[in-house]
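K.L.:
First the structure, which I've put down as structure tokens, then a few questions once you've had a look.
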Ligand code: ATP
């Protein structure tokens, strides 16, 4: 990170939406503050390991941006917190987090710590639902040809973003209970007009800043909820006549993502389809360690790597911190620090170009060494 970029305000995603809305209402433009308060929730498993490197990179960025300060405050949330206090997300912590400009999260949940119904602790899902973080934004970008199992793809040639609805869909049933002697259990896929409309609008706006194509992924040939989802998509598409659209079923989307990922720009889909497709898409660019994400609502936003707590590699210092570092870049972009976000992405690109890799990508760097290299690049 050699350059000292001037701070501008190229607000992305919902900040731009919020700004546009504020301007439409005749309110003054949002001014980029010099100090940003960030709640840091390292969580479980590899969460604390990768978040430590994201924080290291944020501090490096701060040292190169005169006038910008990141005030970071750490909170204990997740399966570890449940074992300590009996609640994976204590109410006081939740209320405090709402007072910050953004939330940076590691990973939550451990396979050995479960609710009585057998599911894992997932306070990140509570955050998405309670803060109405309706758009799960998951950029999928190939940083080096050696990272992909596909032939003939070079850096930047896979470059798409998945917009995953994050407050309802099939996950809506996740808090359901069933008696121990149940002989059948049903989960419901909830699709509401409100959540779908705002998700689609966010996806179309993003496509307008990218290559101008939105692909709807659904299962409208089988499920009534999905045909409703498609109908709303068609209505919103009419508001964006300059954006091209395509509609494909989720099974075909899995096939095409492997066969021709370069043809996708913005993919928009329901919650569980997005969950599954974003892991598949991460597999095209080197795995979960390369896949950042942002959960964005009208007012709040949470930034976390797409991966989980990865208990199989936790505590060994070998997790790839790039997904967490790139999530921090998404956070800076959302906070209006677009140039600072670019600094981080360029640093990641430089480290990848040099072939300096963690074990998941065939290298031998530790988590910490990888984070340090991102600071120096
Ligand atoms: P969840 O359901 O909680 O999101 P998951 O089922 O997607 O989790 P992960 O915890 O993301 O599972 O891990 C999936 C695989 O990817 C595991 O083999 C794990 O070791 C690997 N993995 C995940 N994150 C990283 C990382 N940052 N670096 C290296 N490998 C990782």
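K.L.:
Would you mind stating whether residue 354 is without any contact (Cβ under 8 Å) to a residue 60 or more places away in the chain, under 18 Å from residue 52 (Cα atoms) and more than 16 Å from the ligand (Cβ to nearest atom)?
P.N.:
The answer is no for residue 354.
K.L.:
Considering only the stretch 362-377, how many residues are within 16 Å of the ligand (Cβ to nearest atom) and in contact with a helix residue (DSSP H, G or I) (Cβ under 6 Å, 6 or more places away or on another chain)?
P.N.:
Count: 4.
K.L.:
List the number of the failed condition for residue 231; all other conditions in (1) without any contact (Cβ under 8 Å) to a residue 40 or more places away in the chain; (2) within 30 Å of residue 120 (Cα to Cα) hold.
P.N.:
(2)
K.L.:
From the set of residues in the stretch 279-292 that are near the ligand (Cβ under 10 Å from one of its atoms) and crowded, with 24+ Cβ neighbours inside 10 Å, which is nearest to the chain's Cα centre (by Cα)?
P.N.:
Among those that are near the ligand (Cβ under 10 Å from one of its atoms) and crowded, with 24+ Cβ neighbours inside 10 Å, it is 291.
K.L.:
While we're looking at this one, here's another question. In the stretch 293-303, how many residues are out of contact with any strand residue (DSSP E or B) (no Cβ under 8 Å at 6 or more places or on another chain) and within 12 Å of the ligand (Cβ to nearest atom)?
P.N.:
So the answer is 0.
K.L.:
Now for a separate question. For residue 120, all conditions in the list (1) in the same structural domain as residue 361 (by TED's automatic domain parsing); (2) more than 14 Å from the ligand (Cβ to nearest atom) hold save one; what is the number of the exception?
P.N.:
Residue 120 satisfies every listed condition except (2).
Matching residues to (1) surrounded by 12 or more Cβ atoms within 10 Å (Cβ to Cβ); (2) assigned by TED's automatic domain parsing to the domain that holds residue 326; (3) closer than 19 Å to residue 331 by Cα:
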site	(1), (2), (3)
148	yes, no, no
154	no, no, no
166	yes, no, yes
179	no, no, no
184	no, no, no
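K.L.:
In addition: Residues of the stretch 304-324 being over 17 Å from the mean Cα position of the chain (by Cα) and within 6 Å of the ligand (Cβ to nearest atom), which ones?
P.N.:
Residues of the stretch 304-324 that are over 17 Å from the mean Cα position of the chain (by Cα), as a first pass: 311-319.
Those that are over 17 Å from the mean Cα position of the chain (by Cα) and within 6 Å of the ligand (Cβ to nearest atom): 312, 313, 319.
K.L.:
Something else now. In this structure, does residue 83 turn out to be modelled with pLDDT of 95 or more, touching a strand residue (DSSP E or B) at 6+ places or on another chain (Cβ under 7 Å) and not in a loop (DSSP other than H, G, I, E, B)?
P.N.:
No.
K.L.:
Pull out all pairs, ordered by first then second residue, where Cβ-Cβ is under 7 Å, the residues are six or more apart or on different chains, the first lies in the stretch 50-70 and is without any contact (Cβ under 8 Å) to a residue 60 or more places away in the chain, and the second is more than 15 Å from the ligand (Cβ to nearest atom) and assigned to a helix (DSSP H, G or I).
P.N.:
69/62; 70/58; 70/62
K.L.:
I'd like to verify a number: residues in the stretch 205-239 that are in contact with a strand residue (DSSP E or B) (Cβ under 8 Å, 6 or more places away or on another chain) and outside any helix (DSSP H, G or I), how many?
P.N.:
Of the residues in that region, 11 qualify.
K.L.:
Condition check: buried (at least 22 other Cβ atoms within 10 Å of the Cβ), in contact with a helix residue (DSSP H, G or I) (Cβ under 7 Å, 6 or more places away or on another chain) and at pLDDT 95 or above. Does residue 60 satisfy that?
P.N.:
Against the criterion (buried (at least 22 other Cβ atoms within 10 Å of the Cβ), in contact with a helix residue (DSSP H, G or I) (Cβ under 7 Å, 6 or more places away or on another chain) and at pLDDT 95 or above), residue 60 does not qualify.
K.L.:
When the residues of the stretch 114-144 are narrowed to those that are in contact (Cβ under 8 Å) with a residue 60 or more places away in the chain and in a strand (DSSP E or B), which ends up surrounded by the most Cβ atoms within 10 Å (Cβ to Cβ)?
P.N.:
Within the stretch 114-144, the match that is surrounded by the most Cβ atoms within 10 Å (Cβ to Cβ) is 135.
The values are calculated or read from the model by the stated rules, or taken from the named source; none is laboratory data. What you see is a predicted model; the values in this text were computed from it and never measured. Ideal geometry is used to build each Cβ from the backbone, glycine not excepted, and the neighbour counts take in all protein chains shown.
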